[in-house]
Amino acid sequence: MHTAAIWWTQLRDPEPSADLLERWSAWMAADPGNAQAFAQLNVLGEAIAHAPSQQRQQLIDEFAPPRAARHRRPLMATAAAAVIGLALGGWWLLHGGLDMAAPAQQYASAVGEDRDIQLADGTAVQLGAASTLTTRYAADRRDIDLRAGEAFFTVTHDSSRPFVVTAGPLHIEDMGTAFNVRRTGQRVSVAVTEGRVRLSPSDGTSLGAGAASGRLDLVAGQRAEYDPTTGAVSVSAVAVEHAAAWRQHRLEFVNEPLAAVLANVNRYSHQPIQLADPRLGELMFTGTVNTTTIDSWVGALPHVFPVQVSTFADHVVLSSTGQP
């Protein structure tokens with residue numbers, strides 16, 4: 001718990017470094033208990049941030065009481081209070097002491113690990129493997145930043161506090177919704193299973209043809225794909241049961257570059273797949289990858305593409321056969 005509190009405090013920085021996130025992800029993956037301890041601190045932090053002032057003080061008194069009172073507590077309880085006090089102290093300092101807006105909360109999953117997250121407003125998030133998101137809740141707004149990977153959101157709708165997911169170049173605003181977002185670098189896919197979402201560019205530019213006033217609405221049964229090479233958004237129909245098929249161990253792709261496909265497959269593989277020739281990444285793939293049988297899928301790739309597979313102890317390499 002002590003280490004979890006230290007990580008919790010360090011990650012209050014709204015812009016944590018890549019090195020910090022990498023070391024934190026490794027710590028999370030090392031032991032399931034680490035993720036559990038970190039999640040408990042996240043819950044406590046959100047509870048304090050949203051509590052009325054009197055209740056907030058009660059929480060602080062309970063978990064980090066004045067030093068004079070600590071000698072009466074058993075050793076284990078005193079240690080726990082000190083750990084929570086450390087987390088609370090770090091949060092308090094990083095937010096100016098008197099700023100009671102909710103601190104940013106960082107959530108991440110390890111390679112091959114899906115996570116279920118319950119946010120303070122009741123919104124449920126299913127986080128795909130090797131994914132990272134940050135939440136920032138305020139009195140009038142709920143902001144989510146999906147930095148990498150995939151997540152399915154079942155949102156508690158509140159029109160007075162818009163729920164907005166940012167995934168690279170796109171904002172996705174909840175309009176009473178359940179929806180899936182996948183981010184692979186700057187490539188973004190959004191699929192709606194219930195209600196409606198509104199897409200808009202995060203940089204204020206236009207989404208292109210068909211988007212009124214730079215915005216585009218999607219309803220249940222629709223999927224939007226943002227292609228960073230063209231800057232265009234394409235909309236297509238998707239069966240609701242396929243919109244977030246990763247939750248049933250299926251990664252589904254429609255005409256996507258092999259490089260993007262492998263980036264998502266690698267989120268579920270402890271033996272990452274690499275390309276010897278970057279040009280192979282431009283090959284387009286349509287199909288389904290079962291995340292429980294990745295080895296079989298890789299073994300079949302030479303029947304689909306002009307590649308050969310070389311397997312090593314800790315990774316796999318796809319190289320060109322030189323054939324068209």
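Rg of the Cα atoms in region 249-320, relative to 2.2 N^0.38 Å, amounts to 0.98. Residues whose amide H falls under 5 Å from that of Ala130, counting only those 5 or more places apart or on a different chain, are Ser109, Ala110, Val111, Gly112, Glu113, with hydrogens built in the peptide plane. Net charge within 11 Å of Arg142 by Cβ-Cβ distance, Lys/Arg positive one each and Asp/Glu negative one each, not counting Arg142 itself? Net charge around Arg142: -3. For Leu275, the residues whose amide H sits under 5 Å from its own are Leu318, ignoring neighbours fewer than 5 places away on the same chain, with H placed 1.01 Å from N. 3J(HN,Hα) along region 299-315: x, 8, 4, x, 7, 10, 10, x, 10, 10, 10, 10, 9, 10, 4, 10, 6 Hz, from the Karplus curve 6.51 cos²θ - 1.76 cosθ + 1.60 with θ = phi - 60°, whole Hz, x for Gly and Pro. Near Gly322, once Lys and Arg are set to +1 and Asp and Glu to -1 for all other residues with Cβ below 15 Å from its Cβ, the sum equals 0.
Positive-end ranking of Val155, Leu133, Ser109 along the dipole of region 109-247, with charges on Cβ about the Cα centre, is headed by Leu133. Relative to the Cα centre, the charge distribution of region 109-247, modelled as +1 at Lys and Arg Cβ and -1 at Asp and Glu Cβ, gives a dipole magnitude of about 160 debye.
A simple rule links phi to the HN-Hα coupling: the Karplus curve 6.51 cos²θ - 1.76 cosθ + 1.60 with θ = phi - 60°, which for region 167-178 gives 10, x, x, 10, 9, 10, 9, 5, 10, x, 8, 10 Hz, with x for Gly and Pro.
Quick note: the coordinates plus some simple rules give every number you see, no bench work behind them. What you see is a predicted model; the values in this text were computed from it and never measured. Quick reminder, even Gly has a Cβ in these numbers, built from the backbone with ideal geometry, and neighbours come from all protein chains shown.
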